[in-house]
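J.: Have a look at this one before I ask anything.
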Ligand code: SF4
């Protein structure tokens with residue numbers, strides 16, 4: 001059961017090191033989708049919450065009013081929405097904070113990039129078509145339901161996400177199908193380029209083995225397929241093996257992209273160390 005809390009915050013535009021905007025905007029703290037691999041779980045602010053990720057959402061009810069004021073002071077050129085939450089999660093249907101934020105950004109002629117995996121975003125197409133949406137990175141994936149139950153039981157179905165990407169593309173909105181995270185031996189990338197005829201290319205992000213809860217992720221995968229445990233543990237321990245697995249994966253993507261005449265990008269996280277997430 002997700003606990004929803006209406007909260008007031010003191011700042012909505014937060015400076016960021018992510019090169020997709022000068023500031024990030026997160027209308028909520030927390031996320032109903034509760035993906036096990038979510039990097040926000042490793043965030044120091046979230047770790048201080050003392051509540052499991054996915055079991056609460058703080059609704060920042062004064063976000064639009066704050067945004068109006070802060071835009072006048074900070075005058076950003078471009079902002080990023082959804083760095084630590086899903087802006088289009090189900091509770092947005094009730095509060096419409098993201099909608100009001102997008103409308104304000106449009107009015108002030110400020111460009112924005114959005115990170116999302118929620119098909120609900122298609123309801124906002126008229127707002128997104130006003131010329132200030134620079135890019136949407138829309139997360140897609142493809143693996144068996146038995147894995148999904150363990151890795152992202154509450155996120156929208158993959159087929160619905162694919163459909164949302166096609167709808168956005170059809171409307172001329174600059175959306176990038178973002179295949180993330182790629183789970184070796186689990187994610188099925190075959191046919192991925194054929195799913196989005198209107199997309200120029202696809203971006204791929206490999207699973208980050210430096211997440212604080214990587215052992216929990218491996219346990220979830222191994223519960224479905226015990227033969228994968230050793231391979232995943234080896235990826236944690238053996239740099240050469242780790243690099244080889246991702247290089248092989250990239251070769252497969254290269255072949256698929258070439259045959260579909262599409263472009264691709266792949267983000268491989270470096271081996272070792274711990275993930276430090278200080279995003280707000
Ligand atoms: S939808 Fe995004 S923010 Fe929400 S839990 Fe999943 S990865 Fe995290």
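J.: Which residues among region 67-108 fall inside the zone where the amide N is under 17 Å from a point 7 Å beyond the Cα of residue 5, along Cα→Cβ?
T.: Backbone N within reach: 85.
J.: Same structure again: If I model a spin label at residue 189 and residue 267 as a point 7 Å from the Cα along the Cα→Cβ vector, what separation in nanometres do I get?
T.: Using points 7 Å along Cα→Cβ, the separation is 1.5 nm.
J.: Between residue 75 and residue 233, what length comes free when the chain is fully extended (0.36 nm per residue of separation minus the Cα-Cα distance, one decimal in nm)?
T.: Once the chain is fully extended between residue 75 and residue 233, it gains 52.2 nm.
J.: Kirkwood hydrodynamic radius, the chain, all distinct C-alpha pairs: what's the number in Å?
T.: For the chain, inverting the mean 1/r across all distinct Cα pairs yields 19.6 Å.
J.: Mind checking the angle between helix 228-237 and the chain's longest principal axis? C-alpha axes, 0 to 90 degrees, to the nearest 10.
T.: Compared with the principal axis, the helix lies near 70 degrees.
J.: What do you get for the angle between helix 239-260 and the principal long axis of the chain? Use alpha-carbon atoms, 0 to 90 degrees, nearest ten.
T.: Tilt relative to the chain: about 70 degrees.
J.: Another one. Round to a whole angstrom and tell me the spacing of the C-alpha centers of region 7-39 and region 66-137.
T.: The two parts, judged by their Cα centres, are 12 Å apart.
J.: Quick check on region 1-85: take the gyration tensor over C-alpha atoms, sort the square-rooted eigenvalues as a ≥ b ≥ c, and tell me if it's rounded (a/c under 1.5), prolate or oblate.
T.: oblate
J.: Stick to Cα atoms and the Kirkwood definition of Rh, then tell me Rg/Rh for region 93-160.
T.: 1.07
J.: Right, something else. Between residue 109 and residue 160, what is 0.36 nm times their sequence separation minus the Cα-Cα distance? Round to one decimal in nm.
T.: So the extension gain works out to 15.3 nm.
J.: Using only Cα atoms and rounding to the nearest 10 degrees, what angle (0 to 90) does helix 63-74 make with the longest principal axis of the chain?
T.: Helix 63-74 and the main axis of the chain meet at about 80 degrees.
J.: May I pose another question? Looking only at region 3-267, where both bridge partners belong to it, what percent of the DSSP beta bridges are antiparallel (to the nearest 5)?
T.: Taking every DSSP beta bridge within region 3-267, about 15 percent pair in antiparallel fashion.
J.: Relative contact order of the chain, please, whole-number percent, based on alpha carbon pairs below 8 angstrom and at least 6 residues apart.
T.: 19
Read the figures in this text as sums done on the coordinates, not as results from a lab. All values derive from a computational prediction rather than experimental measurement. As a convention, Cβ positions derive from the backbone with ideal geometry for all residues, glycine included, and neighbour counts pool all protein chains shown.
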